[in-house]
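Notes for the one structure printed next.
Bear in mind these aren't lab numbers, they're just calculated from the coordinates by the rules spelled out. The model shown is predicted, which means the values in this text are computed figures rather than measured ones. With ideal geometry, Cβ positions are generated from the backbone for all residues, glycine too; neighbour counts draw on all protein chains shown.
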Amino acid sequence: MSEERMLNVGKIVNTHGIRGEVKVYPQTDFPDVRFKPGAMLTMYPPESGSPVAVEVVSSREQKKMYILKLKGYDNINEVERYKGWELKVSDAERVPLEEGEYYVRDIIGCEVVTEEGQTLGTITDTLSPGANDIWVVKLPKGKELLLPVIDGVVLDVDIAARKVKVHLMEGLL
């Protein structure tokens, strides 16, 4: 049986108050979905040990963190041990994206080809410096191409085939 792929959605960084709440650093684009009451999460220990399934009872945002109340945990002593644990959901629970949106891990490793069919290299990283994302493409000679993710440049993304077709604007290479 293949182990299901799990996605990180947050990390428990501390306890909060004495009633069993935990302070979570979000690692998701969808905290409102992941941390809503009734959401099921799995807590994973930092090194080894068994994961623990939990249900969110309530959550609120506080200074870029989330304060979660987990079902069945009612005092600080019960949650103290979970500091540093990762919160995850299964890959099957991914939030569907809009047309033209991609998960970073689906993009990394894709081959980049020009509209003329010339292979440029492989996407190794994504950057989000400003208005649009930039994909870092490793070229055969070890150089890197910074590819702006904009309509005129990225023509087609085929996640299944692991290929991205691009139009090389003047000055990109």
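If you filter the stretch 101-173 for trypsin sites (Lys or Arg not before Pro), then keep DSSP loop positions with at most 12 other Cβ within 10 Å, what is left?
Numbers: sites: 105, 138, 141, 143, 162, 163, 165; in loops: 141, 143, 162.
Of the trypsin sites (Lys or Arg not before Pro), the ones in loops of the stretch 101-173 whose Cβ has at most 12 other Cβ atoms within 10 Å are 141, 143.
Rank 31, 51, 140 by mean-square fluctuation in a GNM of the chain with C-alpha springs under 10 angstrom and give only the top-ranked residue.
Fluctuation is largest for 140.
Quick check: the distance between the Cα centres of the stretch 115-173 and the stretch 18-82, to the nearest angstrom?
Distance between centres, Cα-based: 37 Å.
Check the straight Cα-Cα distances from residue 63 and name the aspartates and glutamates below 20 Å, setting aside those fewer than 8 residues away within the same chain.
Cα-Cα hits under 20 Å: 21, 29, 32, 86.
Counting other beta carbons within 10 Å of each residue's own, what order do 151, 29 fall into, fewest first? Please report the intermediate quantities before stating the final value.
Numbers: 151 9, 29 14.
With the sparsest Cβ surroundings first, the list reads 151, 29.
Just from the alpha-carbon atoms, what are the Rg and Dmax of the chain in angstroms?
Every Cα atom of the chain included, Rg and Dmax give 20.3, 63 Å.
Using Cα pairs closer than 8 Å and at least 6 residues apart in sequence, work out the relative contact order for the chain, in percent.
Contact order relative to length: 18 percent.
Ranking 65, 40 by Cβ neighbours within 10 Å, fewest first, what do you get?
Going from sparsest to densest Cβ surroundings: 40, 65.
Compute the orientation-averaged projected area for the stretch 6-93 from the convex hull of its Cα atoms and round it to one decimal in nm².
Computing the convex hull of the Cα atoms and averaging its projections yields 5.1 nm².
Springs between alpha-carbon atoms under 10 Å, Gaussian network over the chain: tell me which of 152, 84, 38 tops the mean-square fluctuations.
152
For the chain, with a Gaussian network of springs between Cα atoms less than 10 Å apart, report the residue from 131, 92, 39 with the top mean-square fluctuation.
Of the options given, 131 has the highest mean-square fluctuation.
List the extent of the Cα atoms of the stretch 104-166 along each of their three principal axes, largest first, rounded to whole Å.
Projected onto its principal axes, the Cα set of the stretch 104-166 covers 29, 24, 22 Å.
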